[in-house]
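Taking it in order: structure first as structure tokens, then the write-up.
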Amino acid sequence: AFGSEVTVLQRSRILSKSDEDAAKAIKETLESEGVKFLSGVDVRSVETLREPSDDGGLPLMSVMLTCNENPDSISIECECLLLAMGRIANVQSMGLESANIDYHRTNGILVNDFAQSTCNANVYAVGDCVANVPRLTHVSGEMAKVVVQNSLFDGDWKLSTFVVPAVMYTEPEYAVISKPIAVEKSGHIAPKEPIMKEECDVYKAELIHNDRAILDSSDKNGFVKIHCKKGTGEILECTIVSTRAGEIANEVSLAMKHGIGIEGLGRNIHSYPTLGEAVMGCGLQFINARWK
């Protein structure tokens, strides 16, 4: 927070759509650094108490709210108010109808598994303007590869084969590796349904026991968690909370992309001491559970 006092206002819990263990670990770490959290927040009003000055002076605002931590209305004064509003595709008023390109008003252009418009196969779409794809820079880049390969070199690369690492650059970082794109019967791509807990086995290696984390006095709340298809070593998803989680994620995404199971991660020799050994630790749990 660079010396600032920070209060996070959340309607439900932090990272409400994400792994509960990850949310808990990140919240505990941020709280230990002085960040305050209020949950179940209902903002009633925002009032400007002081306008910004011409010489760079910050404004002063008052936020009136209720929250789970306080049943009565409370007021928080702040000099900076950041709103996490999300984003939507802005494809209206572009004349797409005249080119027979179908789209959703807020979600974006509808495409098939080859990144072609569902109504006009001569048109391809890439990036954040496309419906039902993760809005990440590296996903846009991979979609561009798909379009070049399919449109110019007679390829048949598919969006549904994407294994996507998504990283939130908090301290510690939070990374999720998954296969987020499915294909509907209509041929449209769609978000894949969340993994059901009863359909998978979970292997978790905590960094509190990792020698590199111990040496660096870091990542006490960190971990690597791998979800596998029930009774098998097929990796469905991975969650990482760690320093440089985005770097550790690449090993798992490569394994998922090429059908290497969790046992392969356990048998892969990792440099010592590194945080990445936690990935191997998950694999060893899978192997050890099958000792006779």
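The values are calculated or read from the model by the stated rules, or taken from the named source; none is laboratory data. Computed from a prediction, not measured in an experiment: that's the story for all the values here. A quick note on method: Cβ atoms are made from the backbone with ideal geometry, for glycine too, and the neighbour counts reach across all protein chains shown. In case anyone asks, the SASA skips ligands and DNA or RNA and just uses the protein heavy atoms, side chains included. Shrake-Rupley method; radii C 1.70, N 1.55, O 1.52, S 1.80 Å.
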Region 1-35 - residue that is β-branched (V, I, T) and within 21 Å of S75 (Cβ to Cβ) and, of those, surrounded by the fewest Cβ atoms within 10 Å (Cβ to Cβ): T7
Of all residues in region 134-177 being farther than 18 Å from A249 by Cβ, part of a helix (DSSP H, G or I) and in contact (Cβ under 8 Å) with a residue 24 or more places away in the chain, the one that is most open to solvent (accessible area, probe 1.4 Å): S151
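Out of region 251-277, which residues are within 19 Å of M168 (Cα to Cα) and touching a strand residue (DSSP E or B) at 6+ places or on another chain (Cβ under 7 Å)?
Step one: list which residues in region 251-277 are within 19 Å of M168 (Cα to Cα), which gives 251-253, 275-276.
The answer is V252, S253, L275.
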Residue match in region 81-98 (condition: more than 21 Å from E193 (Cα to Cα), at pLDDT 95 or above and among the hydroxyl-bearing types (S, T, Y)): no
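Given region 208-292, what helices (runs of 4 or more DSSP H) lie entirely inside it while holding 2 or more residues that are surrounded by 20 or more Cβ atoms within 10 Å (Cβ to Cβ)?
Details: elements: 211-216, 245-257, 262-267, 277-288.
Because the criterion is at least 2 residues that are surrounded by 20 or more Cβ atoms within 10 Å (Cβ to Cβ), the helices (runs of 4 or more DSSP H) in region 208-292 that meet it are 245-257, 262-267, 277-288.
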Hits in region 171-201 - residues which are in contact with a Gly (Cβ under 8 Å, 6 or more places away or on another chain) and hydrophobic (A, V, I, L, M, F, W, C): A175
Residues within region 242-266 that are more than 19 Å from K204 (Cβ to Cβ) and among the basic types (K, R), tallied: 1
Single residue of region 178-199 satisfying the filter (more than 19 Å from C228 (Cβ to Cβ) and touching a residue at least 60 places away in the same chain (Cβ under 8 Å)) that is farthest from the chain's Cα centre (by Cα): S186
